Amino acid sequence: MARYIGPTCVLSRRYGKDLEFKTRDLESKCKIHTRPGQHGQTRRRETNHGLQLDAKQALKFKYCVLERQFRKTYKQAARSKTATGVLLLQMLESRLDNIVYRMGFAATRKEARQLVTHKAIQVNGKCVNIPSCQVQPGDVISVRERAREQVRILDALKQAEDKGWVDWVEVDAKKMAGEYKRVPDRDELPSDINEQLIVEFYSK
């Protein structure tokens, strides 16, 4: 299965934002607001196309989706009568790997994707190993019995308990299970995402 395996801090620096690849403090470790190297401070000329491309690439890397699948998701959103950009974000949020991350069973989306592909996750009691699977409101996501002793899952759940969960999921940490209650509204999703630029990029 294709996936991005290159350096991650460089992507956060490239787009000037935390793409949630790591749990550590990126500002002190990766210095996402600086461009290292001899020519790091050179100002790049910004064009409309460049801004649109950056918005698309940043969102794609944030949700750990490669170009072909991202484009396919966009086309599905574009066929709907609702706002394309908002629906695109909601579809990305509803991916199984993202829901596993949101529920705190994994510390990062990349780790959540690995849990799914390694058959450690169940949806409504059935094992699902497809990270892009669309979770529906009311679906119950749980960790399989054989995977519940994994240290990385226990550590991720402890971090999630300390930080708190998003409003559109309900999690029982002791049972290692949770319900996807509803599709999140746009104002509940990160404000630094400019989905309109992505719509403009694909509308050319």
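Rounded to the nearest 0.05, what FRET efficiency do residue 150 and residue 196 give with R0 = 41 Å and r taken as the Cβ-Cβ distance? Could you check?
Efficiency for this residue pair is about 0.55.
How much net charge surrounds residue 196 when only the other residues with a Cβ under 12 Å from the Cβ of residue 196 are counted, with Lys and Arg +1 and Asp and Glu -1? Walk me through the numbers before you get to the answer.
Numbers: positive: 56, 186; negative: 195, 200.
Spelling it out: positives minus negatives among the neighbours equals 0.
With the cut-off at 26 Å, tell me which of the pairs 62/163; 56/181; 56/119; 72/204; 75/158; 60/175 have Cα atoms farther apart than that.
Over 26 Å apart, Cα to Cα: 56/181; 56/119; 75/158; 60/175.
Restricting things to Cα coordinates, could you compute the convex hull volume per residue of segment 60-168 in Å³?
It comes to 105 Å³ per residue, whole-number rounded.
Just grab the label-to-label distance for residue 119 and residue 185, each label 7 Å out from Cα along the Cβ direction, in nm (one decimal).
Rounded to a tenth, the inter-label distance reads 4.2 nm.
Counting only other residues whose beta carbon sits under 10 Å from that of residue 119, what net charge do I get with K and R as +1, D and E as -1?
Here the count lands on +2.
Taken together, the values in this text are just the output of simple stated rules run on the coordinates, not laboratory data. The structure displayed is predicted, hence computed values, not measured ones. Methodologically, a virtual Cβ is constructed for each residue, glycine included, from the backbone with ideal geometry; neighbour enumeration extends over all protein chains shown.
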